[in-house]
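None of the figures in this text is laboratory data; all of them are computed from the coordinates on show. Note that the structure is a prediction, hence the values are computed from the model and not measured. Positions of Cβ are backbone-derived with ideal geometry, glycine not excepted, and every protein chain shown enters the neighbour counts.
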Amino acid sequence: MSDLTSKLETCVAAIRARAPGFSPKLGVVLGSGLGEFADSLERAVTIDYASLPDFPRSSVHGHAGRLVLGYRGQTPIVAMQGRVHFYEGYAPWQVGFPTRVLGRLGVTHLTVTNAAGGINTSFHVGDLMVITDHLNLTGYNPLVGPNDDTLGPRFPDMSHAYSPERVKQLETVAFDEAIALRKGVYVGLSGPSYETPAEIRMLRTLGADAVGMSTVPEVIVAAHMGLEVTGISCITNLAAGIGQHQLSHDEVSQTADLVKGTFSRLLGRFLDTVART
Ligand code: HPA
């Protein structure tokens, strides 16, 4: 057994000990300011990341750092309230570790959410965007290092990393709920500095619609493990050089706070659909 697999087994065993018999097929990663959705889960067991062996802890304001295992109706769901990022200083394998834990818990569909800056000039602050694809410009890859073939292949295919069928389903759910939903490509950078206006012009030319500092490592690890993924960005601000004012984490948090009700409704209805199909 590889070192990584043995760490995973230990961590998964610790989770199972806290929530015996809980066997979620759906996982959710809740980004900056979007953690509230997990509070709507019923009969929930909450586990601090800090109490789980090898589980990296989030140091970012707005990321609670808790695993919530609970039900939406009859559907067991595991939600991560907060995540870690490369810029916090974690090694690539550590950034990928929580996704692997969800996979080993039995999750087959992962919904990843994030706060992102809008690059597409038709986007507005507060828009929600379904991610169709990403650009990995983090400079890292969470799969660097020895490959554990029991977890996935050395060279995983990324052609359908964001399930095209689920993109369509999410669009249908949004339409039915009368929630406007944008669609586009997410570019992941390492951060922690925000981009310069010149970088944003470059990223637009490269085909990106939204920019952020997360999600990409999780989706690569999920693809490696064969999980189906859906991504949702909350456009919390216009990217550098588009708006007139300075970018700040406060603006990101404030917008996420305004949108969280609509966001939670969309996510909840979408998960209901995924649970059925
Ligand atoms: N850039 C990078 N990451 C972000 C942004 C941004 O403008 N907004 C929220 N996360």
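List of remarks:
- The range 156-277 shape via C-alpha gyration tensor axes, a/c threshold 1.5: oblate
- Farthest toward the positive end of the dipole of the range 10-79, out of His61, Ala44, Gly33, is the Cα of Ala44, where the dipole comes from beta carbon charges about the Cα centre.
- Using a cutoff of 8 angstrom between alpha carbon atoms and counting only pairs six or more residues apart, the relative contact order for the chain works out to 25 percent.
- Using the Cβ-Cβ distance between Met1 and His160 with R0 = 41 Å, the FRET efficiency computed as 1/(1 + (r/R0)^6) comes to roughly 0.85.
- Sorting Ser58, Ser40, Ser193 from the fewest to the most surrounding beta carbons within 10 angstrom yields Ser193, Ser40, Ser58.
- Cross-link partners for Lys183 among the aspartates and glutamates, with Cα-Cα distance under 13 Å and sequence neighbours closer than 8 places in the same chain left out: Asp127, Asp133, Glu171, Asp209.
- Ranking Leu258, Leu151, Thr196 by how far each Cα lies toward the positive end of the dipole of the chain (charges on Cβ) leaves Leu151 at the top.
- Solvent-free Debye scattering, log10 I(q)/I(0), computed from the Cα coordinates of the range 26-178 at q = 0.09, 0.16, 0.21 Å⁻¹: -0.32, -1.10, -1.73
- Gained length - Ser253 relative to Asp176, 0.36 nm times residue gap less alpha-carbon distance: 25.0 nm
- For the range 111-252, the Cβ-based charge dipole about the Cα centre amounts to some 320 debye (Lys, Arg positive; Asp, Glu negative; other atoms uncharged).
- GNM on the chain, alpha-carbon springs under 10 angstrom: the most fluctuating residue among Leu151, Leu69, Leu227 is Leu151.
- The range 23-60 and the range 80-110: distance between their alpha carbon centers, rounded to Å: 11
- Remark: relative contact order (the range 115-233) = 47 percent; criterion is Cα-Cα distance under 8 angstrom and separation of 6 or more residues.
- For the range 1-147, a crude dipole built from +1 on the beta carbon of Lys and Arg and -1 on the beta carbon of Asp and Glu, taken about the Cα centre, is about 380 debye to the nearest 20.
- Relative intensity of the chain on a log10 scale, I(q)/I(0) at q = 0.07, 0.09 Å⁻¹, equals -0.22, -0.37, per a Debye sum over C-alpha point scatterers of equal strength in the absence of solvent.
- Report summary: the helix-based calculation at 222 nm, which adds -39500 (n - 2.57) for every DSSP H run with n ≥ 4 and divides by the residues of the chain, gives -10500 deg cm²/dmol.
- Taking the charge dipole of the range 144-277 about its Cα centre, with +1 at Lys and Arg Cβ atoms and -1 at Asp and Glu Cβ atoms, the residue from Ala174, Ala210, Leu271 reaching farthest to the positive side is Ala174.
- Relative exposure of Met80, Met158, judged by other C-beta atoms within 10 Å (fewest first): Met158, Met80
- Electrostatic dipole magnitude of the chain [Cβ: Lys, Arg +1; Asp, Glu -1; Cα centre; debye, to 20]: 440
- P(r) of the range 1-89 over all Cα-Cα pairs, binned every 10 Å from zero, in whole percent: 17, 47, 31, 5
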